[in-house]
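Enquirer: After the structure tokens below, expect a handful of questions from me.
The values are calculated or read from the model by the stated rules, or taken from the named source; none is laboratory data. From a predicted model like this one, the values you see are computed outputs, not experimental measurements. Cβ placement follows ideal geometry from the backbone for every residue including glycine, while neighbour counts extend to all protein chains displayed. The protein model used for the area step is the full one, side chains on, heavy atoms only, and it has no ligands, DNA or RNA in it. Shrake-Rupley method; radii C 1.70, N 1.55, O 1.52, S 1.80 Å.
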Amino acid sequence: MSEYLLVRLSKQPQAKGHWWIGAEHATTIEKSGEIASWTNIDELVPHAEGRPVIVLLSGADVVMKTVSLPAGGARQYEKMLPYLVEDELAQDVDGLHFSVLAKQEDQVYTVAVDRNWLSCILEQFEACGLQVENVLPDVLALPTEENATAVQFGHEWLIRQGQFSGVCVEHSWLPILTQMNEDEEESPVLEITSYSQVPELNDSSSQVWTEKLVDSIDLLLYRGALSSPITLLTGPFKKSSSVMKYWQIWRGSLIALVALMTLLLIHHAVDIRRMSQEATALRTESEHIFRTIFPERHKIPTVSYLKSQFTNAIQTLSGGEGQDSALSLFTSLAEMIGSTSGVQLQRIHYDSVRGDIRIDVRGADFQAFEATRKKLSQKFDVEQGPLNRDNNQVSGSFILKNQ
């Protein structure tokens, strides 16, 4: 089962960060702790252990607004948003990052956060090797009910006032918040469901608090953060898909692989072309030899025809498949003459009727002829002809048959 590291950060001076570790469908928080501030994200590294991270930003550091779009502004509303709320914000809108949470007809629900602060947070996580899965306001991790919902977190109260709005206020500010609601004469009574012990407020307050205690505020926030569809990772902070992430990692290897495969294909194509050229050259040479041997035959329709004609000619020349064939005689003669010294072969005559070979040879003396006869007798029936001396050379003949 997957585990996550949930981190809550605040931009407020001296505000500590809080972290929790649990399973995807947690029933308990496995580990929890604090870090000194949002600038000490590196303190999370020993606890992360490769777990994906979800970041909660304090509701005090984000601004949630519901904006009514002017007529004709539906198409370009994302570009218009900063300027539609500019008069309601104390901070320069050019330094804010806006995320659209939802759009319902001409109503747009948006949240804004300091762009540089968000960028610094994400850069710190990346530098520490921690993968941030999502960023959202902490108040929007609370459950939604028919009434507003709230929890006390340390000395602060997180209050979710609707599906896309909420506030984070100091406990000491609750009376001020109450008075602000009382000043609005036409405002209905604000009903709040509290998962923490209800705070003590002025009896004249127009806020009605209902206590609905839970076993663990930490677990409540953890579950809400993991299940929330809301994200501030939009626009320039939008997460790249896992495909693109792995593409960036493996891009060099894949390019090298494609280059290697291309080279192999080119090499294979060159080999095929070379072998095709060699085959064409061999066929041309074979056809040339065929027409030299058989000048009366001009057409060579197929390679198989060429082969069959050569085979038939060889069989005809050899006189069949028996031991007395000319090829058999010549093969044996070549082996014997090659290993015989003292005589020189002058002429060879094959008699197909008698099935023998007559060889005329010349040697230095009669002893050379006698040695040759004995050598030939190892494989042939030898009939030696008359010997003649001419100056310093002796000439004669042998008639050979296979034994």
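Enquirer: Kindly work out what percent of the DSSP beta bridges joining two residues of the chain are antiparallel, to the nearest 5.
Expert: 75 percent
Enquirer: Let me ask you something else. Please express the Cα-Cα pair-distance distribution P(r) of region 68-126 as a list of whole percents, one per 10 Å bin, running from 0 to the bin with the greatest distance.
Expert: Per 10 Å bin, starting at zero, the Cα-Cα P(r) for region 68-126 comes out as 21, 46, 25, 7, 0 percent.
Enquirer: Leaving out ligands and nucleic acids, note down the accessible area per residue over the chain with a 1.4 angstrom probe, in whole Å². Write out the running numbers ahead of the final one.
Expert: Values: 24320 Å² over 403 residues.
Ligands and nucleic acids excluded, the result is 60 Å² per residue.
Enquirer: Compute the relative contact order of region 325-402 as a whole-number percentage, counting only Cα pairs closer than 8 Å that sit 6 or more residues apart in sequence. Please list the in-between numbers first.
Expert: Working: 125 pairs, mean separation 23.5, N = 78.
Relative contact order for region 325-402 comes out at 30 percent.
Enquirer: Quote the accessible area belonging to S304 in square angstrom, nearest 10, computed with a 1.4 Å probe and with ligands, DNA and RNA left uncounted.
Expert: 80 Å²
Enquirer: Given charges of +1 on the Cβ of Lys and Arg and -1 on the Cβ of Asp and Glu, with all other atoms neutral, how large is the dipole of region 57-175 about its Cα centre, in debye to the nearest 20? Before the final figure, lay out the partial values.
Expert: Details: 6 positive and 18 negative charges, 53 e Å.
So the magnitude is around 260 debye.
Enquirer: Over the alpha-carbon set of region 325-402, divide Rg by the Kirkwood Rh and report the Rg/Rh ratio to two decimals. Please list the in-between numbers first.
Expert: Details: Rg = 11.9 Å, Rh = 12.5 Å.
Rounded to two decimals, Rg over Rh is 0.95.
Enquirer: Between T210, V169, L5, whose Cα lies farthest towards the positive end of the dipole of region 3-239 when Lys and Arg beta carbons carry +1 and Asp and Glu beta carbons carry -1, centred on the Cα centre?
Expert: Of the options given, the answer is L5.
Enquirer: For the chain, what's the relative contact order in percent, using C-alpha pairs closer than 8 Å and at least 6 residues apart?
Expert: Here the relative contact order equals 10 percent.
Enquirer: Rank I29, T149, V63 by how far each Cα sits towards the positive end of the charge dipole of region 3-239 (+1 on Lys, Arg Cβ; -1 on Asp, Glu Cβ) and give me just the farthest.
Expert: Checking the options against the dipole of region 3-239, the answer is I29.
Enquirer: Select from P386, P236, P137 the residue whose mean-square fluctuation is largest in a Gaussian network model of the chain (Cα-Cα springs shorter than 10 Å).
Expert: Between P386, P236, P137, it is P386 that shows the largest mean-square fluctuation.
Enquirer: Could you calculate the FRET efficiency of Q393 with R273 from 1/(1 + (r/R0)^6), where r is the beta carbon distance between them and R0 is 45 Å, rounded to 0.05? Working shown, then result.
Expert: On the way: r = 58 Å, r/R0 = 1.28.
Computed FRET efficiency for Q393 and R273 comes out at 0.20.
Enquirer: Relative contact order for region 3-239: what percent, with Cα pairs under 8 Å and sequence separation of 6 or more?
Expert: The normalised contact order for region 3-239 reaches 19 percent.
Enquirer: Evaluate E = 1/(1 + (r/R0)^6) for K401 and I300, where r is the Cβ-Cβ distance and R0 equals 51 Å; express this FRET efficiency to the nearest 0.05. Numbers along the way, then the final one.
Expert: On the way: r = 38 Å, r/R0 = 0.75.
With a Förster radius of 51 Å, E is 0.85.
Enquirer: Show me the ranking of peptides 156-166, 259-269, 30-40 by mean Cβ neighbours inside 10 Å, starting with the highest. Please report the intermediate quantities before stating the final value.
Expert: Values: 156-166: 20.6, 259-269: 10.0, 30-40: 14.3.
Result, highest mean Cβ count within 10 Å first: 156-166, 30-40, 259-269.
Enquirer: Could you look at region 3-239 and say what percent of its accessible area is carbon and sulfur, using a 1.4 Å probe and all protein chains? Spell out each step's value before the answer.
Expert: Values: 5710 of 12380 Å².
The C+S portion of the solvent-accessible surface of region 3-239 is 46 percent.
Enquirer: Straight distance only, please: which lysines reach the Cα of K79 with their own Cα at less than 22 Å, same-chain residues fewer than 8 apart left out?
Expert: Counting by Cα, and skipping residues close in sequence, K79 has these lysines nearby: K65, K103, K238, K239.
Enquirer: What do you get for GluC sites (Glu not before Pro) in region 37-94 restricted to DSSP loop and a cutoff of at most 15 other Cβ within 10 Å of the site's Cβ? Numbers along the way, then the final one.
Expert: Details: sites: E43, E49, E78, E86, E88; in loops: E49.
Answer in residue order: E49.
Enquirer: Also, quick follow-up: Explain nothing, just the number: dipole magnitude of the chain about its Cα centre with +1 on each Lys and Arg Cβ and -1 on each Asp and Glu Cβ, in debye rounded to the nearest 20. Can you show the working numbers first?
Expert: On the way: 34 positive and 52 negative charges, 983 e Å.
In total the dipole reaches around 4720 debye.
Enquirer: Please list, short to long, the whole-number percent of alpha-carbon pairs of region 3-239 in consecutive 5 angstrom bins beginning at zero.
Expert: 1, 6, 13, 17, 19, 17, 13, 9, 4, 1, 0
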